[in-house]
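The values are calculated or read from the model by the stated rules, or taken from the named source; none is laboratory data. Please read all numbers here as calculations on a predicted model, not as lab measurements. Here the Cβ positions follow ideal geometry from the backbone for every residue, glycine too, while neighbour counts run over all protein chains shown. When the accessible area is computed, the model is the full protein with side chains, heavy atoms only, and any ligands, DNA or RNA have been set aside. Shrake-Rupley method; radii C 1.70, N 1.55, O 1.52, S 1.80 Å.
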Amino acid sequence: MKERYDAQAIEVKWQKRWAEADIFRVTEDPEKKKYYLLEMFPYPSGNLHMGHVRNYSIGDVVARTLKMQGYNVLHPMGYDSFGLPAENAAIKHDTHPAVWTSSNIDNMNMQLKRLGFSYDWEREVQTYRPDYYRWMQWLFIEFWKRGLAYKKENPVNWCPSCQTVLANEQVVDGKCERCGTEVTKKNLSQWYLKITDYADRLLDDLDELPGWPEKVKTMQRNWIGRSEGTEVEFKIKGSDKTVTVFTTRADTLFGTSFMVLSPELPLAEELIASGGFEKECREYQEQVRRMSDIERTSLSKEKTGQFTGWYAVNPLTEKEIPIYIADYVLLGYGTGAVMGVPAHDQRDFEFATKFGLDIIPVVDPGRDDVDVNDLKAAFEAEGRMINSGKYDGMENEAAIAAIREDLEKRGIAKKTVNYKLRDWLISRQRYWGCPIPMVYCEEHGWQPVPEDQLPVLLPTDVEFTGKGESPIATSKSFQNGVCPICGKPAKREVDTMDTFLDSSWYFLRYCDPKNESEAFSKEKVDYWMNVDQYIGGIEHAILHLLYSRFFTKVLYDMGLVSCEEPFKNLLTQGMVLKDGSKMSKSLGNVVAPDEIVEKYGADTARLFILFAAPPEKELEWSDTGVDGSFRFLSRVYRLVYELAPQVASVPRTYTLETKEDKQLAFALNSAIKRVSADVTGRFNFNTAISAVMELVNTMYSYKELDDINLGLLADACDKLVLMLCPFVPHICEELWEGLGREGFASEQPWPECDESALVKDMVLAVVQVNGKLRARIDVPSGLSKEDFEAYVLASDEVKALTEGKNVVKVISVPGKLLNIVIK
RNA sequence: GCCGGGAUGGCGAAAUUGGUAGACGCAAGGGACUUAAAAUCCCUCGAUAGCGAUAUCGUACCGGUUCGAGUCCGGUUCUCGGCACCA
């Protein structure tokens, strides 16, 4: 052991020894309790950033602690390595995406190893490798066989900058999630996965996830957007056609004074052509088409619309109501047609006000502050029915069912459920992704590539223009496929899959990463799944986490896995900030992990990041805070360095003699207790570390005493090192060796708390008068309530407080507190 | 607008079940050691008054429950995040 704490030398030394001894390798072991700890795998951008370091440091502490506690811990790492940046880099540097990706992975692997994370590297998964995407393609075909994958022409989100389509989830505020360019619409034939079939289960099973943050569950609920309502069929006057609307407020049917269709609705086309307002309607449609989604959905925009010339008939009142087209009705939701009830829907109110349509109140608020006959805005809350024939006087909520049932009897209504969730568009017009393993035969339509011909490899003879169609289309041979049914030439799909598919099942491949005959063995997956703890950024709250849940449910239905939910517990870590904002190149406030490792060592970087804030919160990077963490580690190093020669060969048996002995034993065991609870229970690493800091402070004072108990001190040193090992493993290995102990600290059993050392002879109790702190006195521990009160009240200090006063009441918590109520 | 978090010293934060508010650390100030500096060690560190023991106030704001509230309840303000013309 050197005198000075040389982090770099120590870290390189122990990383080498861990690798040589291969101590983080795991296999299925039915004898041991398993624990699957997963951190979100990174995109191989080339360099780790502090967010990664935080994510993986949190995971590593938990993984290492549980390993020491005897769990069989699966703690894997890999790379989500398909995606656009590789393709852009390929265009820019005139290289192949695989070359760029592979060298980035090499570099990041080095960085991860340099940080000392306890991964089983034998299980590394890289999604761009054929041995992975082969099974991605196999899974896609399984989805297709079950009718969960289909190709359809639709207006889709198109990013003009990335030159590809985007899933709804990838459009944020009308802009491309990746590059921020405003998204436009394009009519394209694309592949979809039928996630909407799983909407109910994805929603309902959120209740089975108590270990997920409420925030994430709420976001998913909102995204799925389930709403129950009624579909009602309206006759069109002078036509044999009908319009069906969707409403959650069937109770307001009597108040319907107009109807609105989405301008893109096919039925609207037919009506426009023969309604006598064709010119006006065409102009309006054109006006709407020119608007971007952002403009169109802006709430501040005044309502617009155009009368079609047709009238619908209200099935309850037989009243004729005008039919409009207006852009506030969306094509993709419900039936694309809405009944206008201005009195009880704000949007309809605005529309009716603009076009001078009737506002008929049908729900009476029963409140003085709302005059239903002179509404300033729609009244959307509950009340009693009025102006509604035989339903008058009913609670409006009861009227919803009553009206629906009556209309059902007439065969013109039914109960329905609508979702905001849309099917998942997975085609991407890009090269660097998993090829969609389908061929198109003129006679047999879309057919999957036979299983024995998988993987469909990415062609290498392509041009990266970054424009328009998938670069794969430039390959001379790729498109030449064969129909598996008739054997005639068939055209191969040139689009690739959204990379979110790759990451929707990687956690299953980790369980069996080298399997060449299946995507994963059920036996192995059943042993490890589900993931006991998943850790990653909140930015994946919807996309990745929803898709992975969907995949797991489909695989469950296929009988490939036994769990319906992939991630039992979820921890979403906060961002790493510098000077109050997210680290970014444009702001110039990036702190590179490499620099910190070089200057202070990996242990300091890990310690600081875990100590500075609880994991869910944002973490403000502080250079002086990093100094402080380094200082603490130096202090620990010095403590053990100084004590090692004295304690190395001392037996770890002792009895507690002096008051100081007891204090040290108390500090030691309470630290063990707190660290154990904070690390694997609450995930509050900051308080765990502060508990260890207190222990170190106590040990420093103790060692200066004249009369020290070497056995106790030796034991404290051992346990201090073991407790700290999951946080800062390198320095702890060095200290463990310095203390003359055998084996790796990382492989020792977790220290256990000796509860008897936590029992004190005397404890400090506080005395309050009318709730205000007045005195602190030492009392023997373990007194009964009566004895405690008697002891405290008999003390001189307390007597002085009550002297000449009228004591009304005494409340006590034995050993802790006594409150005297005085009048 | 709807939903979900937050608000505690100069700063990051503790307070786990309603029971000593500010643990632990950073910064700052003072001191020891040193020719000097670094490193290290010791002390002070919410506000006000006081030499001091101590007293009063203090967890965004107003009110309530309670012997006792940072914690529970009602209301308000500010703030962060998500969703949003979804009928």
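If you add up the charges near residue A:561, with Lys and Arg at +1 and Asp and Glu at -1, over every other residue whose beta carbon is less than 9 angstrom from its beta carbon, what do you get?
That sum, taken over residues with Cβ under 9 Å, equals -1.
With contacts taken as Cα pairs under 8 Å and at least 6 residues apart, chain A reaches a relative contact order of 14 percent. Looking at segment A:682-721, the pairs of alpha carbons with a distance over 13 Å make up 57% of the total. Between residue A:248 and residue A:205, the FRET efficiency estimated from the beta carbon spacing at R0 = 25 angstrom works out to 0.60.
For residue A:349, neighbours were defined as the other residues whose beta-carbon sits under 11 Å from its Cβ, and their charges (Lys and Arg +1, Asp and Glu -1) total 0. For segment A:514-623, the relative contact order works out to 26 percent when only alpha carbon pairs closer than 8 Å and six or more residues apart are counted. With 10 Å bins beginning at zero, the pair-distance distribution over Cα atoms of segment A:402-480 amounts to 14, 29, 20, 10, 12, 12, 2 %. The alpha-carbon atoms of segment A:252-366 define a convex hull whose volume equals 111 cubic angstrom per residue.
Mean shadow of segment A:192-339, computed from the convex hull of its alpha carbons, in nm²? Write out the running numbers ahead of the final one.
Details: hull surface 45.8 nm².
One quarter of the hull surface, i.e. the mean projection, equals 11.5 nm².
Measuring r between the beta carbons of residue A:269 and residue A:598 and using R0 = 41 Å, the FRET efficiency lands at 0.05. As a calculated quantity, the FRET efficiency between residue A:397 and residue A:185 at R0 = 45 Å, using C-beta atoms, amounts to about 0.75.
Could you list the square roots of 5 times each eigenvalue of the Cα gyration tensor of segment A:133-248, that is, the equivalent ellipsoid semi-axes, sorted largest first and rounded to whole Å?
Details: eigenvalues 166, 114, 75 Å².
Calculated on Cα positions only, the semi-axes equal 29, 24, 19 Å.
Stokes-Einstein D for segment A:763-823 at 10 °C, 1.306 mPa s, Kirkwood Rh over Cα pairs, in µm²/s? Show your work: numbers first, answer last.
Values: Rh = 11.3 Å.
Approximately 141 µm²/s, per Stokes-Einstein.
Please state, as a whole number in µm²/s, the translational diffusion coefficient that the Stokes-Einstein equation yields for segment A:1-87 at 10 °C and 1.306 mPa s, with Rh defined as the Kirkwood radius across alpha carbon pairs.
Values: Rh = 15.6 Å.
The diffusion coefficient I find is 102 µm²/s.
State the three equivalent ellipsoid semi-axes of segment A:682-759, derived from the C-alpha gyration tensor as the square roots of 5 times its eigenvalues, in descending order and whole Å. Numbers along the way, then the final one.
Working: eigenvalues 80, 60, 32 Å².
Gyration-tensor ellipsoid for segment A:682-759: 20, 17, 13 Å.
Max-minus-min Cα coordinates of segment A:351-457 on each principal axis give 73, 35, 24 Å, with the largest extent listed first.
For segment A:515-655, the equivalent ellipsoid built from the Cα gyration tensor has semi-axes of 40, 27, 13 Å, listed from largest to smallest. Please give the Cα centre distance for segment A:252-302 versus segment A:130-145, rounded to the nearest Å. Comparing the Cα centres of segment A:252-302 and segment A:130-145, I get a distance of 42 Å. Summing Lys and Arg as +1 and Asp and Glu as -1 over all other residues whose Cβ lies under 15 Å from the Cβ of residue A:741 gives a net charge of -4.
Taking a quarter of the surface of the convex hull around the Cα atoms of segment A:232-301, what do you get in nm²? List each step's numbers first, then the result.
On the way: hull surface 24.8 nm².
Averaged projected hull area, Cα only: 6.2 nm².
Using every pair of separate Cα atoms, the Kirkwood estimate puts the hydrodynamic radius of segment A:1-45 at 14.3 angstrom. For chain A, the carbon plus sulfur part of the accessible surface works out to 49%, probe radius 1.4 Å. Taking every pair of alpha-carbon atoms in segment A:657-791, what share in percent sits in each 5 Å bin, from 0 to the bin with the longest distance? All Cα pairs considered, the percentages come to 2, 9, 16, 17, 17, 14, 10, 7, 4, 3, 1, 0. Among the listed pairs A:152/A:420; A:151/A:301; A:390/A:414, those whose Cα-Cα separation exceeds 28 Å are A:151/A:301.
Under 25 Å of direct C-alpha separation, and excluding same-chain neighbours fewer than eight residues apart, residue A:67 reaches these lysines: A:13, A:16, A:32, A:33, A:34, A:113, A:514, A:522, A:524, A:568, A:673, A:719. The 3J(HN,Hα) values that the Karplus relation (6.51, -1.76, 1.60; θ = phi - 60°) gives for segment A:766-777 are, in residue order, 9, 10, 10, 10, 6, x, 9, 5, 10, 7, 10, 9 Hz. Gly and Pro appear as x.
A cut-off of 5 Å between modelled amide H atoms, ignoring neighbours fewer than 5 places along the same chain, links residue A:434 with A:497.
For chain A, the fraction of C-alpha pairs more than 52 angstrom apart is 35%.
With charges set only on the Cβ (+1 for Lys and Arg, -1 for Asp and Glu), what does the dipole of chain A come to about its Cα centre, in debye to the nearest 20?
Values: 99 positive and 125 negative charges, 110 e Å.
It comes to approximately 520 debye.
Within the full protein context, the accessible area of residue A:161 is estimated at about 70 Å² for a probe radius of 1.4 Å. Viscosity 0.890 mPa s, temperature 25 °C: Stokes-Einstein D of segment A:365-408 from its Kirkwood Cα radius, in µm² per second? Answer from the Stokes-Einstein relation: 213 µm²/s.
Along each principal axis, taking the top coordinate minus the bottom one, the Cα set of segment A:184-238 gives 58, 32, 21 Å in descending order.
Could you give the size of the charge dipole of segment A:320-406 about its Cα centre, using +1 on the Cβ of each K and R and -1 on the Cβ of each D and E, expressed in debye and rounded to the nearest 20? Each step should come with its number before you reach the end.
Numbers: 7 positive and 18 negative charges, 45 e Å.
So the dipole magnitude of segment A:320-406 works out to roughly 220 debye.
Along each principal axis, taking the top coordinate minus the bottom one, the Cα set of segment A:445-589 gives 60, 46, 26 Å in descending order.
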